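Some notes on the structure that comes next.
We did not get these values from a lab; they are worked out from the coordinates using the rules stated. Keep in mind that this is a model prediction, so the values were computed, not measured. Don't worry about glycine lacking a Cβ; one is built from the backbone with ideal geometry, like all the others, and counts go over all protein chains shown.
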Amino acid sequence: MSAPAASSRESLRVAVVGHVDHGKSTLVGRLLHDTGSLPQGKVEAIRAMSERRGMPFEWAFLMDALQAERDQGITIDTSQIWFKTAKRDYVIIDAPGHKEFLKNMITGAAASDAALLVIDADEGVKEQSRRHGYLLHLLGVRQVAVAVNKMDLVGYGEARFAAIEKEYRAYLAGIGVTPTYIIPIAARDGQGIVAHSDKMPWYKGPHVLEALERFNVVTLPTHLPLRMPVQDVYKFDDRRIIAGRIESGTLKVGDRIVFSPSNKTVRVKSIEAWAAPQPTQAGAGQSVGFTMDEQIFVERGEIVSHEQSPPVETDVFRARLFWLGKKPMTPGARYKLKLATAEANVRVQAIERVIDTGDLSTAAATEVPHSAVAEVILQGDRMLALDEFASSPLTGRFVLVDGYDIVGGGIVSMEGYADQRQLITVRASNITRVEHSVSVDARARRNGHNGGVIWLTGLSGSGKSTLSVAVERRLFNLGYQVYVLDGDNMRHGLNADLGFSPEERAENIRRVGEVAALMSHAGLVVITAFISPYRSDRERARRATGENFHEVYVKADLATCEKRDPKGLYRRARAGEIADFTGISAPYEAPENPELTIDTGALDIEASIDVVTSYVRANLSIGGARARAAGGA
């Protein structure tokens, strides 16, 4: 059916999903027929076609738009059908249930206000029934009605319906979903579709059409912070017009806005309109263009927001995704991420767990197979502007592309990870670096060694502090200008104002990295002993120091560290007394290519001191530095 003409009436988009052959298309075909929404002669044409092919009449044929579907008897693509009642207009999205066409089901459901999930009363709750329920939750569809179809095959039995209802309600409750309605129907015979069934007098709830009429149209998110992904930049005369669709919030002339992740700020000079008076504001759902009070360079993919409520900026985030790739997802694999209008290359940093959508159990895994749901860590090759899905769904979901194929999609979580916007924003102005009259080489010659940073990273209890203090004494006795920066000591002074949230952890390490860099440039060997759980923070510290930054991974597994527990922190974390504790309730990203690894589970303290001391002497002696510069070390 063709789309209706534009109307001021509200329109509800409903996705119909479920296991293959459970009767989705039959339900929709019958719904259209029983509401008088079919073109005249349509049913007769389908009957005639069925007779010519020697097939029994199927209501589903009203929906199957592709010849291949009729031949195979399954729905492949999503079909969109418009119909209306006295209350409002509807767009019914008939999505395929077959596992191989899961991508199409997701596409249809992602654009819906509500969903109607169909379960065969005879077959009961199947794998796809659970998977589709989980994916609806993942996609943020909160209005869900469940139609238990083919009740005629089970004698319209109340007990069978009650058993399925109990089983599926329990499953949905496990993922935090409460179905709005669960309705017994027999779609082929029109039972429970647009009127209450005379075969099931024991059921007192709404029929399908009543349930649809009770659903709410999802309103445009004008109440959320402004988010407008830049689609394109047009040049007219001396004006630059920034074009895009406002996904949430409102945009007004005179607003102070920021583009992320470039962090350029301007004011909105005008909002442009074609062949109409210029508006002074625009809101969610509108595609607009606007000009700025300054002519700055802006690219497609940036996100426009107000200064006071910008998106997150990060190069690493946690994602819950569904995997559709033919090849399993593995750690280290690289894909193109598409989020709104932005594209970026990302790498799978870690696969944390795979979720069984059947029983909701989770398990550690080394790969994510086709059609699985998993929690993974993705790292971009540049800063990304995004939101947590829970706070801004439209800029908090993404797809992954391998070559030309969409292989996965998911939602963003920043749980355990820091918003890095504050770490990379330079606020000082009118400043000029002071050039020292004493060169780095002169300091090295005076000290007898180069300055550098020996950055010890590892879990709490791995032995960083013990090792750093012992190495400091050993190097001092050997004549080195050496000093230890320890995590606890820094938090008593310079970083006393910081807590342990992901953002404050990142700021703690940023400050330490800058202090260590200054001390190393002064010619000291600086040993730092910090958990420093995030790779991005350690890389920032590396950039501050330069070539004489040396990452040392003090390696000890969680069980070993927890057994040692020198400060009793693991015990308190397990008891819930310490939030965001690394290794327990917050992530630790182990180094991928450290300059040195010390396994304190295998080496005793004296052997560990020897290894670190030998490394420093080989790499920070004046001769060692020259050899490295020449490619000899």
* Structure fact -> Counting Lys and Arg as +1 and Asp and Glu as -1 over every other residue whose Cβ sits under 11 Å from the Cβ of G463, the net charge comes to +1
* To do: Using Cα pairs closer than 8 Å and at least 6 residues apart in sequence, work out the relative contact order for the chain, in percent.
  => 8
* To do: Give me the angle, in degrees from 0 to 90, between the Cα long axis of helix 158-174 and the longest principal axis of the Cα atoms of the chain, rounded to the nearest 10.
  => 20
* Based on the Cβ-Cβ distance of E595 and I296, what FRET efficiency does E = 1/(1 + (r/R0)^6) give at R0 = 51 Å, to the nearest 0.05? -> 0.80
* Asked: Expressed as an acute angle from 0 to 90° and rounded to the nearest 10, what is the orientation of the C-alpha long axis of helix 605-620 relative to the principal long axis of the chain?
  -> 80
* What length, rounded to one decimal in nm, is gained on full extension from R446 through to A390, with 0.36 nm per residue of separation minus their alpha-carbon distance? -> 14.5 nm
* How about the stretch 245-312: which chymotrypsin sites (Phe, Trp or Tyr not before Pro) there are in a DSSP loop, with at most 13 other Cβ atoms within 10 Å of their Cβ? -> W274, F297
* If we count every other residue with Cβ under 13 angstrom of Y553's Cβ, Lys/Arg +1 and Asp/Glu -1, where does the sum land? -> -2
* Structure fact -> Rounded to one decimal in nm, the spacing of the 7 Å Cα→Cβ label points at R347 and L558 is 2.3
* With an 8 Å cut-off on Cα pairs and a minimum separation of 6 or more residues, tell me the relative contact order of the stretch 314-414 in percent. => 38
* Asked: With each pseudo-label sitting 7 Å past Cα toward Cβ, what's the K199-Q422 distance in nm, one decimal?
  -> 6.3
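In the stretch 546-607, what chymotrypsin sites (Phe, Trp or Tyr not before Pro) fall in a loop by DSSP, with at most 10 other Cβ atoms inside 10 Å? Could you put the intermediate results ahead of the total?
Values: sites: F549, Y553, Y570, F581, Y588; in loops: F581, Y588.
When the chymotrypsin sites (Phe, Trp or Tyr not before Pro) of the stretch 546-607 are filtered for loop state and at most 10 Cβ neighbours within 10 Å, nothing remains.
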* Within the stretch 501-518: backbone nitrogen closer than 13 Å to the N489 label point (7 Å, Cα to C-beta) -> 516
* Asked: With r defined as the distance between the Cβ atoms of F476 and A243 and R0 fixed at 45 Å, what FRET efficiency is calculated, to the nearest 0.05?
  -> 0.10
* **Reach of K126 by Cα under 12 Å, taken over aspartates and glutamates that are not fewer than 8 positions away in the same chain** => D21, E167, D359
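Would you please name the GluC sites (Glu not before Pro) within the stretch 544-608 that are DSSP coil residues with at most 14 other C-beta atoms within 10 Å of their C-beta?
Details: sites: E547, E551, E562, E577, E589, E592, E595, E606; in loops: E547, E577, E589, E592, E595.
Here the sparse-neighbourhood loop sites are E547, E577, E592, E595.
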* Asked: Which FRET efficiency value, to the nearest 0.05, do you get for S309 and T35 by plugging their Cβ-Cβ distance into 1/(1 + (r/R0)^6) with R0 = 35 Å?
  -> 0.20
* Two-site label geometry, R142 and D604: point separation in nm, points 7 Å out along Cα→Cβ -> 6.2
* Asked: Ignoring the sites themselves, what is the longest stretch of the chain with no trypsin sites (Lys or Arg not before Pro) in a DSSP loop and at most 11 other beta-carbon atoms within 10 Å?
  -> 434-633
* Work through the residues other than E592 whose Cβ is under 11 Å from its Cβ and net out their charges, Lys, Arg +1 and Asp, Glu -1. => 0
* To do: Could you tell me how many degrees, from 0 to 90 and to the nearest 10, lie between the Cα long axis of helix 24-34 and the main elongation axis, the longest principal axis, of the Cα atoms of the chain?
  => 40
* **Chain lengthening between A159 and D189 when straightened (0.36 nm per residue, less Cα-Cα)** => 8.7 nm
